[in-house]
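Just so you know, all these numbers are worked out from the coordinates, no wet-lab data involved. Note that the structure is predicted; figures quoted are calculated from it, not measured. Glycine also receives a Cβ, built like all others from the backbone with ideal geometry; neighbour counts cover every protein chain displayed.
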Amino acid sequence: MKGAEKTKKQFMADIDSLRKKIKRFENVERRLKQKEKKLKEFTGTLEERVSHRTSAERIICKQLHDEIDQRQRAERVIEDALAYAKSIIDTVRRPLIVLNAELKVISASRSFYQIFNVKPEDTEKQHIYDLGNRQWNIPKLRELLEEILPRATSFDDFEVEHDFPDLGKRIMLLNAREIHQKVNRTKLILLAIEDVTARRELEEKVKTAASHDELTGCVNFGSTMKFIENEIARSERYDKEFTIIMIDIDNFKRINDEHGHQAGNDALIAFTTVVKNSVRSVDVAGRYGGEEFIIVLPESVPQDALVVLERIRNNLARTKITSPYIESGKEITLKFSAGIVSYPYNAKDLKELIWVADCALRQAKQEGKNRAVLEKRKLIRRKPLPGTRMKIVDPSGEENADVFTIANITREGMLVLSAQDIPDEELVCRLYAPETESPCELTCAVKHRGKAAAELYRTGVSFSYIPESMKEKLSPCVGAGSAFLRPGPAFLNHFKAKIIHTRP
């Protein structure tokens, strides 16, 4: 009985223990299910996240791939463009350099390497000023690239002259443009260089040929006259005096007759060489015609011309003049005559200046050649027309009975010959043109007097005043236009003429 009861109690305890275990198991199972649920939820979330991340990564990868592909295509386009530009650059005959913002050479045209005798490996990636042992370190180029180009982004036809140690003197026209690249946001500079040295030399030769005598190399007639006109204008503007020398080689015809014209040409060339080597750089030696020459000496006086002529004579005496057209061992001896005149002392314009110089030269020829005549007369004197008469009006207004002979007349006065002395006072002179009874009445003053012979007086009379209305009447007396007698302001300034008003 006791055993059965004990067995029952034990059984009940086992059942109770089993129930507890079952309950614990159920609790564990419930927790496991909760964890499984949470795990499923986490797994779902994780899968969703992984799915999203994978999709984003795929998008990013695709974008990266597209970007790389675009960049590769852009690089290929740039490479093609650079190759195309390089081909164009190499085709261009002008030297062309491509620089970056730091003024380093990216590339250069084939013509640049050929013309300036440099190699690509010594040029590319080098600073432009360092090229050719710093031959391109040119101040003017620095100014253009560092100051002008940044402000203007371009410049055209800037002329730069530079003496390269290896190439010599070069004259270049520079053109430049800034180019801003959108792809890589960089700046390039295209610098085009045109070597115009040969063109400038040709232009200078053409200019020289147009203004110089082909045989002697002297300034030709037209350019000499133009130069004298400019000197006259400068003399008027700055109140300066200048001198011209007219030279003629003595007995030049005899040289041509004895030795021939080819030998004569050689003699002319030798003579002009001596002349050009004997004058200043500012002086002009021009060929007037044949064996006649004109030397223009700016800002000089006649005495300076005498010094120049003496130098020419000395240099000519030391020069051996030969020619292949004369007998071997023989020389040509040259001598010359010259006339010296000054502006504005001796003439009022170009035409009169040349005429006076020619008169002085002819006088030198007439006096025996191989000499120079310096024109000392202040104004050109002209013989009045035959039949011109002059009378002096006395204070009472009546004419003096004596008729005076006019030896010569200038723009400023007259030299008269008379049988009696003329009083040293202000006079009224009446000039009668040939075959006319209508006189030209002038106020005059005696400037100097003297005796020409026993019963002949020589008197210099100045025109104190010439009314405008009298000029036309006076012109027929001297056979010249009214310009010959025009005492305008410039005339009075140059010759210091004294003005005395006419008496009422």
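On the principal axes of its Cα set, how long, how wide and how thick is region 162-228? Give whole Å, largest value first.
Reported extents, whole Å, longest axis first: 65, 29, 16.
If I model a spin label as a point 7 Å beyond the Cα along the Cα-Cβ vector, how far apart are those points for Phe158 and Thr333 in nm?
Between Phe158 and Thr333, the label points sit 6.3 nm apart.
For Lys351 and Gln366 in the same chain, what is the full-extension length gain: residue separation times 0.36 nm, less their Cα-Cα distance, in nm?
Extra length from Lys351 to Gln366 when fully extended: 3.1 nm.
In terms of modelled amide H atoms, which long-range or inter-chain residues lie less than 5 Å from the amide H of Asp250?
Lys335, Phe336, Ser337
Of the peptides 132-141, 295-304, how do they stack up when ordered by the mean number of other Cβ atoms within 10 Å, highest first?
Answer by packing, highest mean first, reads 295-304, 132-141.
So what does the Cα-only Debye profile of region 243-291 read at q = 0.27 Å⁻¹, as log10 I(q)/I(0), no solvent term?
Result of the Debye calculation: -1.10.
Report, by chain and number, residues whose modeled amide H sits under 5 Å from the one on Lys447, excluding near sequence neighbours (fewer than 5 apart, same chain).
Counting only residues 5 or more places away or on other chains, the set is Gly460, Val461, Ser462.
Measure up Lys253/Lys376; Lys351/Lys451; Lys140/Lys169 against 23 Å on the Cα-Cα distance and list the ones that go over.
Violating the 23 Å limit, Cα to Cα: Lys253/Lys376; Lys351/Lys451.
What full-extension length gain, to one decimal in nm, is calculated for Ala419 and Ala101 as 0.36 nm per residue of separation minus the Cα-Cα distance?
That works out to 104.8 nm of additional length.
Obtain the nm distance between the two label points defined at Val307 and Gln63 by a simple spin-label model: each point lies 7 Å from its Cα along the Cα-to-C-beta direction.
Reported label-point gap for Val307 and Gln63 is 9.1 nm.
Which whole-number percent is the relative contact order of region 135-292 (Cα, under 8 Å, 6+ apart)?
Here the relative contact order equals 16 percent.
I need the peptides 146-155, 15-24 ranked by packing, meaning the mean over residues of other C-beta atoms within 10 angstrom, with the highest value on top.
The densest-packed peptide leads the list: 146-155, 15-24.
Return the tail of the calculated pair distribution for region 281-340, meaning the percent of Cα-Cα pairs more than 20 Å apart.
Summing the P(r) of region 281-340 above 20 Å gives 39 percent of all pairs.
For the residue pair Arg177 and Thr436, what label-to-label distance in nm results when each label sits 7 Å from Cα along the Cα-to-beta-carbon direction?
For the pair Arg177/Thr436, the computed spacing is 7.5 nm.
For region 111-150, report the translational diffusion coefficient in µm²/s to the nearest whole number, using Stokes-Einstein at 4 °C, 1.567 mPa s, and a Kirkwood Rh over Cα pairs.
D = 118 µm²/s.
With θ taken as phi - 60° and the coefficients 6.51, -1.76 and 1.60, list the Karplus ³J(HN,Hα) couplings across region 246-257 in order, rounded to whole Hz; mark glycine and proline as x.
3J(HN,Hα) across region 246-257, in whole Hz: 9, 10, 9, 6, 6, 6, 5, 4, 5, 5, 5, 5.
How large is the Kirkwood hydrodynamic radius of region 128-252, in angstrom, based on all distinct alpha carbon pairs?
19.3
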